[in-house]
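The structure appears right after this line, and notes come after that.
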Amino acid sequence: MESTDYMRRAVELARKGIGFVNPNPLVGAVIVKDGRIIGEGWHERYGQPHAERNALKNCIESPEGAELFVTLEPCCHHGKQPPCTEAVIQAGIKKVYIGSFDPNPLVSGKGIQQLRDAGIEVETAVCQAECDNLNRIFFHYITKKTPYCLMKIAMTADGKTATRAGFSRWITNEASRQHVHELRKQFSAIMCGIGTVLADNPSLTCRIENPSNPIRIICDTHLRIPADCTVVRTAKEVPTIVATSSQDSARIAKLQESGVQILKVPDEEGHISLKLLMKKLGEQGIDSVLLEGGSHLHESALRAGIVQHVQIYIAPKIFGGVSAKTAVGGIGVNDVDEAYQLGAPEIRQYGNDILLDYDILEG
């Protein structure tokens, strides 16, 4: 096997941590000796041992003189776990192959230097694009201190998100909806507006095997959320945050009794400030938000500049209708030059549905 094969195996292992390690990165590690894999591991859950230590623990023979393939630069500082560089050095590893550089200021090059100072050969940027792709969320959060935000849209071929009568179930097929639940598992939080709660009464949970439910965030400027809606009734089972600028102490107290966390956010032009909301969420350790809002919240999020990525599911259907809702509402832009610019799409297909996967271009 080539070095890239071992690193791709490490990437595969890292994915096993999806939904359980946030706000830590996804990391996988493979230990190879004499052309044989003798140990594998991944970061399994936040607060538990990191991938390198798990791989060393799982070795079927001594790792002395072996090579380590790890998707992210090993940590070199004390956090919830001791430094992985120490474990690698003590194990007698002779060479380390690294996929991604860690932008965390506590690590950033220092882990590599510690290994080299100990006489360990280090090769970097092995399958870097694949390893970097694992941790878009972590890289954004550790450098910006705000959640990575992905806006999810499901629409017809003519750009409608509901019929003129307001019906939207189901625009996309079952395969697309299954993929959305897999997506929900990757994110720390899922966010929608009060309009979606009032119209659809969603549960906003992750309904797949071995689920990890995201924290539910409802943007509700004037605190209109009903006490008997699903997200409030289940707030003691699934963490739920209502972001509001309301000062209605009686309603706030009632929601808090139901288990809802109230997050007070100043308003801006009649709605809560999404920029301040993201800052507050980041301070709570929420590293990522899946935005499944209505058209007005989508437009507000784009205008506030809080969205980093867009996924658009397109179903082979046409609704028509001037009054039928579109994916992005609000006031929109005036000139073509003011459009929000997207990068080149990754295109996938789920049955007859198409998924367009875009980065939002800065500036």
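The values are calculated or read from the model by the stated rules, or taken from the named source; none is laboratory data. In this text the structure is predicted, and so the values were computed from the model without any measurement. Heads up, the Cβs are rebuilt from the backbone with ideal geometry, glycines too, and the neighbour counts pull from every protein chain shown. We work out accessible area using only protein heavy atoms, side chains counted, and drop any ligands, DNA or RNA first. Shrake-Rupley method; radii C 1.70, N 1.55, O 1.52, S 1.80 Å.
Going by the conditions given, is Leu223 more than 22 Å from the chain's Cα centre (by Cα), closer than 21 Å to Ile241 by Cα, open to solvent by less than 40 Å² (accessible area, probe 1.4 Å) and not basic (Lys, Arg)? For Leu223, the condition - more than 22 Å from the chain's Cα centre (by Cα), closer than 21 Å to Ile241 by Cα, open to solvent by less than 40 Å² (accessible area, probe 1.4 Å) and not basic (Lys, Arg) - is met.
Please go through the stretch 330-363 and pick out each residue that is assigned to a loop (DSSP other than H, G, I, E, B) and either touching a Leu at 6+ places or on another chain (Cβ under 9 Å) or open to solvent by 90 Å² or more (accessible area, probe 1.4 Å) (or both). Gly330, Ile331, Asn334, Tyr340, Gln341, Gly343, Ala344, Pro345, Asn352, Leu361, Glu362, Gly363, listed by residue number.
Got at least one residue in the stretch 122-143 being over 22 Å from the mean Cα position of the chain (by Cα) and more than 25 Å from Ile18 (Cβ to Cβ)? For the stretch 122-143, residues over 22 Å from the mean Cα position of the chain (by Cα) and more than 25 Å from Ile18 (Cβ to Cβ): present.
If the condition is being of a type outside the set (Phe, Trp, Tyr) and buried (at least 17 other Cβ atoms within 10 Å of the Cβ), then the stretch 311-325 contributes Gln311, Ile312, Ile314, Ala315, Ala324, Lys325. Out of all the residues in the stretch 296-303, is one or more part of a loop (DSSP other than H, G, I, E, B) and at negative phi? No, every residue in the stretch 296-303 fails to be part of a loop (DSSP other than H, G, I, E, B) and at negative phi.
This table checks each residue for (1) crowded, with 22+ Cβ neighbours inside 10 Å; (2) part of a loop (DSSP other than H, G, I, E, B).
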position: Asp5; (1), (2): no, no
position: Gly41; (1), (2): yes, no
position: Arg45; (1), (2): no, yes
position: Gln48; (1), (2): no, yes
position: Glu52; (1), (2): yes, no
position: Leu56; (1), (2): yes, no
position: His77; (1), (2): no, yes
position: Thr85; (1), (2): yes, no
position: Gly92; (1), (2): no, yes
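The set of residues in the stretch 60-75 that are touching a strand residue (DSSP E or B) at 6+ places or on another chain (Cβ under 6 Å), assigned to a loop (DSSP other than H, G, I, E, B) and open to solvent by 30 Å² or more (accessible area, probe 1.4 Å) comprises Ile60, Glu61. Keeping to the stretch 179-203, report how many residues are farther than 20 Å from Ile286 by Cα and of a type in the set (D, E, K, R). Looking only at that region, the number is 1.
Please tell me if Ile37 is in a strand (DSSP E or B) and surrounded by fewer than 22 Cβ atoms within 10 Å (Cβ to Cβ). The answer is yes for Ile37. Could you check, for the stretch 180-194, whether at least one of its residues is among the basic types (Lys, Arg), open to solvent by 20 Å² or more (accessible area, probe 1.4 Å), without any contact (Cβ under 8 Å) to a residue 60 or more places away in the chain and more than 22 Å from Ala243 (Cβ to Cβ)? Among the residues of the stretch 180-194, not one is among the basic types (Lys, Arg), open to solvent by 20 Å² or more (accessible area, probe 1.4 Å), without any contact (Cβ under 8 Å) to a residue 60 or more places away in the chain and more than 22 Å from Ala243 (Cβ to Cβ), which makes the answer no.
Return yes or no: is Val96 in a strand (DSSP E or B) and modelled with pLDDT of 90 or more? When the stated conditions are applied, Val96 passes them.
Of the residues Ile252, Ile262, Ile286, the single one that is of a type outside the set (Ser, Thr, Tyr), open to solvent by less than 40 Å² (accessible area, probe 1.4 Å) and part of a helix (DSSP H, G or I) is Ile252. Scanning the stretch 233-249 for residues that are buried (at least 17 other Cβ atoms within 10 Å of the Cβ) and in contact with a Ser or Thr (Cβ under 8 Å, 6 or more places away or on another chain) yields Thr234, Ala235, Val238, Thr240, Thr244, Ser245, Ser246.
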